[in-house]
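Notes follow the structure.
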Amino acid sequence: MASGAVTLFLLFTIVMMVVKILMSFSKRKSYKFPPGPTPLPIIGNLNILDIKRQDLTFIELAKKYGTFFTFHLGPTKAVVLVGYEANKEALVKANYDFGNRGSIPIADNFQMNHGVVFSNGEIWKITRRFMLSILRDLGMGKKTVEGRIMDELQFLSTEIQSYNGKPLDKKILYLAAPNITFGILFGRRFDYDHPTFQKFISIMDELVINTGTPPAKIYNMFPNLKYFFKEPQLVLNRIDQLNVILKDLFNEAKEVKSEDSFRTFAEAFVQKDEREIVEDDKEKLFTEKNLLASAFDLMLGGTETTSTTIQWAILLMMKYPHLQKKAQEEIDNVIGMDRPPRWDDQTVLPYCLALVHEVQRYANIFQYFPHSTPTDVHFRDYFIPKGTAVIPVFSSVHYDETQYETPKQFNPNHFLDADGKFIKKDAFYPFSKGRRACAGESLARMELFLFITGLLQKFTFTPPPGISADDLDIAPEVVFSMRTKSYKLCATPRQ
Ligand code: HEM
């Protein structure tokens, strides 16, 4: 009798185990990735990737595999979005599904899921919300910041004028934007020859280069091989140097209250209710680590991007003098020389506005910024697991022939209708779209419009003597961003 019970118990246990195994099989999800090139062991599809112009490889592959395809970045299986429709469907319509940041080990090493650009989860959500609200309070896209930009334009113009039309390095065009960010962070600006300012600029420059070399990009795909690459340590050293400067500036800012009612980002951060807790790990959010990480994001966002775009604008103006002249004629006719262009003037300077947009479209300073899926995602006919790397190729939207008549050419008419009125294009992705779109977009737009039109009002830009417009090389220099190659310019004051 007893042995019968044991047999029955054993049978029951076995049946239960079999049922459990069968259930686990039936629960296993059948993911379905889109097609893509066949990967090789370990290196994945790296054998066919142009490491500097990855966007061009992706655009080419889309012709064979469609606008949503799989690509193996070394061992990482990623999905790639090419062209206007695919990017809009994923980033705008399916906003949440593609809205996590993808891993960038060379930056993750120091940001460690802090700040906004390189973070995810609660810490991203709360810090981004805080950053946007404080930028709004500080007057981003409004009069307060407009005044600061116009003052800075004056400083930059004086500096340029001091060269009396003699050739000067494009680096001069890098100097204005960082001061706008310093204003937001600490409520101050620096003279351009101030040693701290000079040091800051050179560290940022090295960071943008060190994080964008081909080995740094390979390291991002094989982070375990850290000891074979010099870049990760170089970058950490630069970040240490940068943090020394930032900490000093924070300490100074604590002692000297900012002028007017202009509360700085640093002040607002420190005053933030310290009881705000990140639920995930019970870590306090408004820590020094997060302050430094957020300051770094603002510095990176507010310096490299805007300055690089201004350098593109002036290079393209020298390359296409007839377009420069057209913009100047519009400024002369509508504004004259008595005052610099203002933000409100966008509506009466449609050609200039179109020109600034075209500079951004043509320059594509970011080919893409990696995203990832925060959850399992159904997209088109496919089913992608949570945590999949996503590559939204912004430049492919700008090269999309269905959206721009002559995508390979620099042509401000892309943003004008037949009557010369400005047209807003949906296929405009320099700031990306959706959940992870640039947090500084309205500030950046204002800076670009005011700096570029203000410079064109005051100066005519030409290549140095002996160099013709045809000689100018407008191919990009690819680092972390897509910069112009180094160049020299002559700035002749206009009367
Ligand atoms: C020409 C100027 C600028 C360009 C072209 C630009 C472009 C971008 C792009 C492409 C992204 C990534 C979006 C994505 O992952 O989908 C981004 C993110 C970001 N940008 Fe900008 N940016 C510019 C200026 C600025 C400025 C002035 C600031 C700060 C005041 C800023 C702050 C940020 C931040 C905080 C993020 C991270 C957003 C997030 O991950 O949630 N950017 N930007």
- Cα gyration tensor of region 267-389 diagonalised, 5x eigenvalues square-rooted, in angstrom largest first, produces semi-axes 41, 25, 14
- Helix 54-65 versus the longest principal axis of the chain: what angle, 0 to 90°, nearest 10, using Cα atoms? 50 degrees
- Item | Residue-level accessible surface for D344, protein heavy atoms, 1.4 Å, Å² | 100 Å²
- Query: In whole percent, how big is the carbon plus sulfur part of the accessible area of region 30-493, probe 1.4 Å, protein atoms only?
  - Reply: 53 percent
- Using +1 at the Cβ of each Lys and Arg and -1 at the Cβ of each Asp and Glu in the chain, identify which of Q241, F431, F182 lies farthest towards the dipole's positive end. F431
- Put a dot 7 Å past each Cα toward the Cβ at L225 and K408; how far apart are the dots in nm? 3.4 nm
- Message: To check you understand DSSP bridge types, tell me what percent of the beta bridges within the chain (both residues inside) are antiparallel, rounded to 5.
- Response: 90 percent
- Message: Please give the Cα centre distance for region 302-378 versus region 212-234, rounded to the nearest Å.
- Response: 33 Å
- Message: Explain nothing, just the number: relative contact order of the chain, from Cα pairs under 8 Å at least 6 residues apart, as a whole percent.
- Response: 24 percent
- Once the Cα atoms of helix 2-27 and of the chain are each reduced to a long axis, what angle between those two axes, in degrees from 0 to 90 to the nearest 10, is obtained? 20 degrees
- Could you give the longest part of the chain that holds none of the chymotrypsin sites (Phe, Trp or Tyr not before Pro) found in DSSP loops with at most 15 neighbouring Cβ atoms within 10 Å? 164-495
- Query: Over region 82-210, what is the relative contact order in whole percent, taking alpha-carbon pairs under 8 Å and six or more residues apart?
  - Reply: 11 percent
- Task: Quote the charge dipole size of the chain about the Cα centre in Debye, to the nearest 20; the model charges only the Cβ of Lys and Arg (+1) and of Asp and Glu (-1).
- Result: 1280 debye
- Could you give the longest part of the chain that holds none of the GluC sites (Glu not before Pro) found in DSSP loops with at most 12 neighbouring Cβ atoms within 10 Å? 1-258
- Please give every one of the aspartates and glutamates within straight-line cross-link reach of K272, meaning a C-alpha to C-alpha distance under 17 Å, and leave out same-chain neighbours fewer than 8 residues apart. E122, D137, E283, E288
- Specify which residue in the list Q54, A107, G44 is farthest towards the positive end of the charge dipole of the chain, using unit charges on the beta carbon of Lys, Arg (+1) and Asp, Glu (-1), about the Cα centre. G44
- Which sequence of D248, D193 reflects their accessible areas, 1.4 Å probe, from the largest down? D193, D248
- Message: Given a 1.4 angstrom probe, what's the average accessible area per residue across the chain, in square angstrom?
- Response: 47 Å²
- Message: Once you place label points 7 Å from the Cα toward the Cβ at N113 and V334, how far apart are they in nm?
- Response: 4.8 nm
- Item | Pairwise FRET efficiency - K326 versus S133, Cβ, R0 = 35 Å, nearest 0.05 | 0.30
- Lys/Arg +1, Asp/Glu -1 at C-beta; region 30-493 dipole; positive extreme among N220, L138, V92: N220
- Message: If you average the C-alpha positions of region 69-112 and of region 400-445 separately, how far apart do those two centres end up, in angstrom?
- Response: 21 Å
- Task: Specify the angular offset, from 0 to 90 degrees and rounded to the nearest 10, of the alpha carbon long axis of helix 350-363 from the longest principal axis of the alpha carbons in the chain.
- Result: 50 degrees
- Note on the structure: Eigenvalues of the alpha-carbon gyration tensor of region 30-493, times 5 and square-rooted, give semi-axes in Å, largest first, of 34, 29, 21
- Which lysines have a Cα less than 23 Å from the Cα of K199, not counting those fewer than 8 places away in the same chain? K170, K171, K230, K247, K254, K289, K485, K488
- Task: May I ask you to compute the full-extension gain from A437 to Q495, defined as 0.36 nm times their residue separation minus their alpha-carbon distance, rounded to one decimal in nm?
- Result: 16.8 nm
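The values are calculated or read from the model by the stated rules, or taken from the named source; none is laboratory data. On a predicted model such as this, the values are computed, not experimentally measured, just so you know. FYI the Cβ positions are ideal-geometry reconstructions off the backbone, even for glycines, and counts take in every protein chain you see. Accessible surface is based on the protein model in full, side chains and every heavy atom, while ligands, DNA and RNA are left aside. Shrake-Rupley method; radii C 1.70, N 1.55, O 1.52, S 1.80 Å.
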